[in-house]
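The structure appears below as structure tokens.
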Amino acid sequence: MPYMIYSYSRLSLYEECPYHFYKRYVEKREEPITEPLALGSAVHKAIELILKGMEKEEALFTAEMDSPLPLNSLELRTLVEKAPILQGEGLKEGVEIEKYFNLPLSSNPNAPHIQGFIDLFQLIFGTIEFTDWKTNRVKYKPTETKQLPLYAWALSKIYKIKEITGTLHFLRFFKNARERMTFSEEDMENARKWAETTANEIENKLLLLELGEPADKLFPFKPNKNCKNCPYAAECLLKNEKYFLGVC
Ligand code: SF4
């Protein structure tokens, strides 16, 4: 029986820094909600409500009121208004909002499971289109992370459909806001293999942890471009003072 259910964000955090992953998902430490995170959630919430039929003004108000942090109302509005959606569009046949999936990463009975939420899913004449809303300040291609091909793999598995197109929609951009890609079977299989290999590696480490191996050895710190946003940066710096003094 696997120790945990995985998601794209869990796996990519482990890949980026095993120590940060350990703190968040094994020790289950509470992490502070940052303003960008709160804004991203509110944007997703407002879009979801509009797609479900709510008036835009009410959806913006509800999303802002539900936010755990005060938000910039104008920024929230600007981002939501950039989403190419129609009120109530999510109620149409073949369309789903915040579509949840949870499935094993292989036919092995002990295979770890992957779960995820797809912002907007559409079944169109035997093909699938799905969209992920992004509030990032920097754009990237669908091939630059495993998120979209992994979601495409999950959808192909559930619906037995091979033609699956995913879109990253960057809401801060006016021009070329969409990065759209139809995934080949190879793209999807590579993403599945990456997820399975990474999840199995974590599972093995969790077993060793239970057997008494030290956490620091199993889940080492790995400096990366997101260290400046890491809630454990001070703790990590103190623990690894020699390393950081050496590299600075
Ligand atoms: S500060 Fe960087 S290296 Fe240290 S735990 Fe956080 S992400 Fe990992």
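The values are calculated or read from the model by the stated rules, or taken from the named source; none is laboratory data. None of the values given here were measured: they were computed from a predicted structure. Cβ sites come from the backbone with ideal geometry, for glycine too, and all protein chains shown count toward neighbours. All accessible areas refer to the heavy atoms of the entire protein, side chains included, with ligands and DNA or RNA removed. Shrake-Rupley method; radii C 1.70, N 1.55, O 1.52, S 1.80 Å.
Tabulated data
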item: Positions within the range 1-25 being open to solvent by 40 Å² or more (accessible area, probe 1.4 Å) and either among the β-branched types (V, I, T) or within 16 Å of the ligand (Cβ to nearest atom) (or both), in sequence order; result: I5, S9, R10, E15, E16, R24
item: Residues located in the range 208-225, provided they are outside any loop (DSSP other than H, G, I, E, B) and touching a residue at least 40 places away in the same chain (Cβ under 8 Å); result: L209, A215, D216, L218
item: Unique match (being open to solvent by 80 Å² or more (accessible area, probe 1.4 Å), within 30 Å of T78 (Cβ to Cβ) and in a helix (DSSP H, G or I)) among T143, T197; result: T143
item: Residues within the range 26-51 that are part of a helix (DSSP H, G or I), among the β-branched types (V, I, T) and farther than 10 Å from A63 by Cα, tallied; result: 2
item: Single unsatisfied condition, F219 versus (1) within 14 Å of the ligand (Cβ to nearest atom); (2) at pLDDT below 95; (3) surrounded by 15 or more Cβ atoms within 10 Å (Cβ to Cβ); result: (2)
item: Meets criteria (within 14 Å of I164 (Cβ to Cβ), modelled with pLDDT of 95 or more, surrounded by 19 or more Cβ atoms within 10 Å (Cβ to Cβ) and in contact with a Leu (Cβ under 9 Å, 6 or more places away or on another chain)) for I118; result: yes
item: Unique match (being within 8 Å of the ligand (Cβ to nearest atom) and loosely packed, with under 13 Cβ neighbours inside 10 Å) among N224, N204; result: N224
